[in-house]
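Input: a single structure, listed below in structure tokens.
The values are calculated or read from the model by the stated rules, or taken from the named source; none is laboratory data. This one's a predicted model, so the numbers in the text were calculated from it and none came from an experiment. We place every Cβ from the backbone using ideal geometry, glycine too, and count neighbours over all the protein chains shown.
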Amino acid sequence: MRWNKPNLRNNLHDLLGRDKPSSTAWVRDQGLEDVRRAMLQGLMGLTGCEVARMSMRLRYAGDIEALWYLRTDLFATLLSLRGQAVAQTVLDQVTLLFQGQLPRSLRAPQIPPSPHARPF
């Protein structure tokens, strides 16, 4: 008797490249909430329609990919209200939180070192 019978649903998930449900889903959800919290903290102390709209978009983003794409909008909002230095600092801090949470298609390509490059 096989405990892990293949079925149409599992095969469909494999074909579509989606993650199968796992017992560690709460870890991914915690990472999502950490990123969301950091992005919202960047807006703390600011007011206005743009800030309210950005805050709502961040609060209702459904997954880590949505938050990834909202980084540029967050940067634009902060740029107009706090300036280049603060906006870039917030973006850099938030971007670090995405490590290990994005699907391969959104990760930056790893460029192998040139064979002619000298180590430091």
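I need the full set of residues from the range 34-68 which are closer than 16 Å to G100 by Cα and without any contact (Cβ under 8 Å) to a residue 40 or more places away in the chain, in order please. Steps first, please.
Going through the range 34-68, the residues closer than 16 Å to G100 by Cα turn out to be 34-36, 63-68.
Across the range 34-68, the qualifying residues are R36, D63, I64, A66, L67, W68.
Criterion applied to V51, V35 was being within 16 Å of the chain's Cα centre (by Cα) and of a type in the set (A, V, I, L, M, F, W, C), and the one residue passing it is V35.
Selection over the range 37-64 of residues that are part of a helix (DSSP H, G or I) and surrounded by 15 or more Cβ atoms within 10 Å (Cβ to Cβ) gives a count of 9. In the range 62-120, of all residues being over 17 Å from E50 (Cα atoms) and small (G, A, S), the one that is modelled with the highest pLDDT corresponds to A85.
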